[in-house]
Amino acid sequence: MIPIMLVVVLLKNRRKRVLKPQLLWVMPAIVLPLIGLGLWGTAQTPNMAHAPFGPDAWAVLAIGGILGGVAGWYRGKTVTIEKEPDGSLMAQASPLGLILLVVLFAGRSLLRDLIESHAAAWHLNALAVTDAFLVFAMGLIVMQRVEMYIRARRIRSGGTDSHVEVAA
C-alpha cells in the first residue's frame, strides 16, 4: 500500500497548486488535536499499565518534537514558490521533500522495533518512544507550514527569498 501511496503523492506533487498563506494554519489545526487525542488515547488503553512519564520520558518527547520541527522546517524550504504576474502564489513540493518523508517513515519503522525491544536496557520508556514519533509528526507538520507562511508573507509584501521564483 505504501508504494502505491508514494506514486500517487509523487504524481500529485508534480503540478503546481495555488498557495493560500492565510489557510496554512488549517492542517496543523486539524492534526494537533488528533495527535493529542492519539497520545491521550494510548494512555487510556484498558488492561495496559502505564507508568507516569518522568523527566526522561518528557525529554524523549521533546527531542521528538524538536527533530520533527527541524525536519518540517527543512521540508518547507524544499517547496518552490512562484509569484504569478497577477500576484497569486503557486507552490510545488520538491521530490526531495518526499524523499525526506520516505526516509523518515522508513527510519521510524526500523527504529521502532529496535527501540521497543531495547527500551528497558537503555532505560527508556517504550510508550514515550512510540509517542515521540507522533510528536515528531506534529512538529514536522506545524513547522513546515510556519516556514512556508513566513516565506509567502515576505513575497506577498514585495520582499525576496532565495526559494521563491518570480514567474515572467
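Here are the numbers:
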item: Residue that is surrounded by the fewest Cβ atoms within 10 Å (Cβ to Cβ), among those in segment 118-139 that are touching a residue at least 40 places away in the same chain (Cβ under 8 Å) and assigned to a loop (DSSP other than H, G, I, E, B); result: H123
item: Any chance I115 is assigned to a helix (DSSP H, G or I), open to solvent by less than 40 Å² (accessible area, probe 1.4 Å), among the hydrophobic types (A, V, I, L, M, F, W, C) and free of Cβ contacts under 8 Å to residues at least 60 places away in the same chain; result: yes
item: Scan of segment 55-98 for residues that are of a type in the set (D, E, K, R), surrounded by 16 or more Cβ atoms within 10 Å (Cβ to Cβ) and more than 16 Å from V142 (Cβ to Cβ), ordered by number; result: E82, K83
item: Residue match in segment 26-43 (condition: within 25 Å of L96 (Cβ to Cβ) and open to solvent by 100 Å² or more (accessible area, probe 1.4 Å)); result: no
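The values are calculated or read from the model by the stated rules, or taken from the named source; none is laboratory data. Quick caveat, the model's predicted, so the values are computed rather than measured. Cβ: placed from backbone, ideal geometry, glycine included. Neighbour counts: every protein chain shown. Just so you know, the surface numbers come from the protein's heavy atoms only, side chains and all, with ligands and any DNA or RNA stripped out. Shrake-Rupley method; radii C 1.70, N 1.55, O 1.52, S 1.80 Å.
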